[in-house]
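The values are calculated or read from the model by the stated rules, or taken from the named source; none is laboratory data. Small disclaimer: the values here were computed from a predicted structure and weren't measured. With ideal geometry, Cβ positions are generated from the backbone for all residues, glycine too; neighbour counts draw on all protein chains shown.
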Amino acid sequence: MLFSGRKFDLRCWVLLDCDYAVHLFEEGVLRTSSFQYDDKDLGNKLQHLTNHCVQATAAEFGSHEEGNEVSFAQMEEYMQRECDGKTFHADILPQLKSICCLALEAGRGKMEVTDGSNLRQFQLF
């Protein structure tokens, strides 16, 4: 999936509470590439890597969106127009939460508080 013909990554906030429940904040951003995606040009890191530190080096940075960022709400609008009935909140956000849950579950043994401890904590990712 591309946004207006350009690659992107998703940035979200996840709260992991003391009961190991995962809470995904439903607002976040897509960080976009400054360049159209071309699978025949694999050497152009500016079309493939969407990190701000990489994109900010391009003269085109911010030419499509301010700071090369698109909100989840803007992505919802884009998908309603361009994706044949698929929506961000119904089709992408549940997958994002599932991936976050799987990643946190993989590290559970290292993060979980031992039984009998009175320590209650949370972590924001």
When (1) out of contact with any helix residue (DSSP H, G or I) (no Cβ under 8 Å at 6 or more places or on another chain); (2) surrounded by 15 or more Cβ atoms within 10 Å (Cβ to Cβ); (3) small (Gly, Ala, Ser) are applied to Ala59, the one that fails is (2)
Subset of the range 53-96, residues touching a Cys at 6+ places or on another chain (Cβ under 9 Å) and either of a type in the set (D, E, K, R) or at positive phi (or both), comes to Asp91
Picked from the range 15-49 (must be under 11 Å from the mean Cα position of the chain (by Cα) and among the β-branched types (Val, Ile, Thr)), the residue surrounded by the most Cβ atoms within 10 Å (Cβ to Cβ) is Thr32
Within the range 83-107, residues being touching a residue at least 24 places away in the same chain (Cβ under 8 Å) and touching a helix residue (DSSP H, G or I) at 6+ places or on another chain (Cβ under 7 Å) number 1
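If the requirement is being farther than 21 Å from Phe3 by Cβ and either among the small types (Gly, Ala, Ser) or at pLDDT 95 or above (or both), which of these qualifies: Gly43, Gly67?
On the way: Gly67 fails: farther than 21 Å from Phe3 by Cβ.
Result of the check over Gly43, Gly67: Gly43.
Of all residues in the range 1-20 being among the aliphatic types (A, V, I, L, M) and not in a strand (DSSP E or B), which is modelled with the lowest pLDDT? Please lay out each step first, then the result.
The first filter runs over the range 1-20 and keeps only residues among the aliphatic types (A, V, I, L, M), leaving 1-2, 10, 14-16.
Applying the additional criterion that residues be not in a strand (DSSP E or B) yields 1-2.
Working: Met1: 93, Leu2: 96.
My answer is Met1.
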Any chance the range 20-36 includes a residue that's free of Cβ contacts under 8 Å to residues at least 24 places away in the same chain and acidic (Asp, Glu)? no
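Is there a residue being out of contact with any Lys or Arg (no Cβ under 6 Å at 6 or more places or on another chain), surrounded by 12 or more Cβ atoms within 10 Å (Cβ to Cβ) and more than 30 Å from Tyr20 (Cα to Cα) anywhere in the range 86-96?
Taking the range 86-96 and keeping what is out of contact with any Lys or Arg (no Cβ under 6 Å at 6 or more places or on another chain), we get 86-96.
When the remaining residues are screened for being surrounded by 12 or more Cβ atoms within 10 Å (Cβ to Cβ), the result is 86-89, 91-93, 96.
With more than 30 Å from Tyr20 (Cα to Cα) added as a condition, the list becomes 86.
Yes, some residue in the range 86-96 is out of contact with any Lys or Arg (no Cβ under 6 Å at 6 or more places or on another chain), surrounded by 12 or more Cβ atoms within 10 Å (Cβ to Cβ) and more than 30 Å from Tyr20 (Cα to Cα).
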**Message:** Condition (residue is under 18 Å from the mean Cα position of the chain (by Cα), charged (D, E, K, R) and in a helix (DSSP H, G or I)) applied to the range 98-107: is it met by at least one residue?
**Reply:** no
Across the range 6-42, the tally of residues that are farther than 25 Å from Ala56 by Cβ and charged (D, E, K, R) stands at 4
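Which one of these is more than 18 Å from Arg11 (Cα to Cα), free of Cβ contacts under 8 Å to residues at least 60 places away in the same chain and among the polar types (S, T, N, Q): Gln55, Gln74, Gln80? Lay out the reasoning, then the answer.
Values: Gln55 fails: more than 18 Å from Arg11 (Cα to Cα); Gln74 fails: more than 18 Å from Arg11 (Cα to Cα).
Just one listed residue meets the conditions, Gln80.
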